[in-house]
Amino acid sequence: MYFWSAYLHILMAIFWIGGMLFTAAVLVPLSRDKMFENRRGYLFKKAGTIFSRISWVIFLLMIVTGVTTLLGMGYSFEDLVSSWFWQSEYGSTLLGKLHIFGLVLVLSGLHDFWLGPKAARLMDEDPENPITQRFRKASSWIGRINLLLGLLILYYAVILVRG
């Protein structure tokens, strides 16, 4: 159980972080091509909708595989709800990782269900409007922050495995 849970957990993290890196390194520069002029919002809406759906499934799978990985390591449910576990070095590091993951969930919800779709719609309707620019920048910054938080989660994961 431990091996497969850990394997799936890592695979989901790779897909999620890789998707954000792909967006930043490939999709954003591609969207600046003349071919997408006045259709940039549509491109982001379509790509964002697909990636968002996948991400929320990934988040759920990461929660499940995270718990099953801990169980596979020999911890019990009783351990996971005890104060001694969360006060241990391993538990407090895991708690830091989980706090960051919680923040990612909140920011992802804000980005995926409000800011991103609104920015995408406005980009095609009125790209020069200051309101459009504010939504676009806010959406972009939340995406960047989530990428950095994802990389920080990865850092914590390495500490948990190799620390």
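The values are calculated or read from the model by the stated rules, or taken from the named source; none is laboratory data. Since this is a predicted model, take the numbers as computed values, not measurements. Using ideal geometry, Cβ is built from the backbone for each residue, glycine included, and neighbour counts are taken over all protein chains shown.
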Of 32, 39, the only residue that is over 23 Å from residue 156 (Cβ atoms) and in contact (Cβ under 8 Å) with a residue 24 or more places away in the chain is 39
The range 1-112: helices (runs of 4 or more DSSP H) wholly inside it with 1 or more residues that are of a type outside the set (Ser, Thr, Tyr) and touching a His at 6+ places or on another chain (Cβ under 7 Å) are 40-72
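Looking at the range 45-58, which of the residues that are crowded, with 16+ Cβ neighbours inside 10 Å and in contact (Cβ under 8 Å) with a residue 40 or more places away in the chain is farthest from residue 142 (Cα to Cα)?
From the range 45-58, those crowded, with 16+ Cβ neighbours inside 10 Å are 45, 47-48, 51-52, 55, 58; that's our starting set.
The next check asks that each one be in contact (Cβ under 8 Å) with a residue 40 or more places away in the chain; those that pass are 45, 48, 52, 55, 58.
Details: 45: 16, 48: 13, 52: 14, 55: 15, 58: 19 Å.
Among those residues, the one meeting the criterion is 58.
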Criterion first (more than 17 Å from residue 13 (Cβ to Cβ) and either outside any helix (DSSP H, G or I) or among the small types (Gly, Ala, Ser) (or both)) does residue 120 satisfy it?
yes
Filter the range 33-88 for residues that are under 25 Å from residue 6 (Cα atoms) and charged (D, E, K, R); the one that is nearest to the chain's Cα centre (by Cα) is 53
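Yes/no per residue for (1) in contact with a helix residue (DSSP H, G or I) (Cβ under 6 Å, 6 or more places away or on another chain); (2) over 22 Å from residue 21 (Cα atoms); (3) of a type in the set (Gly, Ala, Ser):
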{"residue": "104", "(1), (2), (3)": "yes, no, no"}
{"residue": "112", "(1), (2), (3)": "yes, no, no"}
{"residue": "127", "(1), (2), (3)": "no, yes, no"}
{"residue": "130", "(1), (2), (3)": "no, yes, no"}
{"residue": "136", "(1), (2), (3)": "yes, no, no"}
{"residue": "152", "(1), (2), (3)": "yes, no, no"}
{"residue": "160", "(1), (2), (3)": "yes, yes, no"}
Across the range 1-50, the tally of residues that are among the polar types (S, T, N, Q) and under 30 Å from residue 75 (Cα atoms) stands at 1
Taking the range 106-130 and keeping residues surrounded by fewer than 14 Cβ atoms within 10 Å (Cβ to Cβ) and either more than 24 Å from the chain's Cα centre (by Cα) or closer than 26 Å to residue 2 by Cα (or both) leaves 125, 126, 128, 129, 130
In the range 9-26, anything surrounded by 17 or more Cβ atoms within 10 Å (Cβ to Cβ) and either charged (D, E, K, R) or more than 11 Å from the chain's Cα centre (by Cα) (or both) is listed as 9, 23
**Report entry** Any hit, the range 137-150, residues being modelled with pLDDT under 95, charged (D, E, K, R), within 20 Å of residue 14 (Cβ to Cβ) and surrounded by fewer than 17 Cβ atoms within 10 Å (Cβ to Cβ)
**Finding:** no
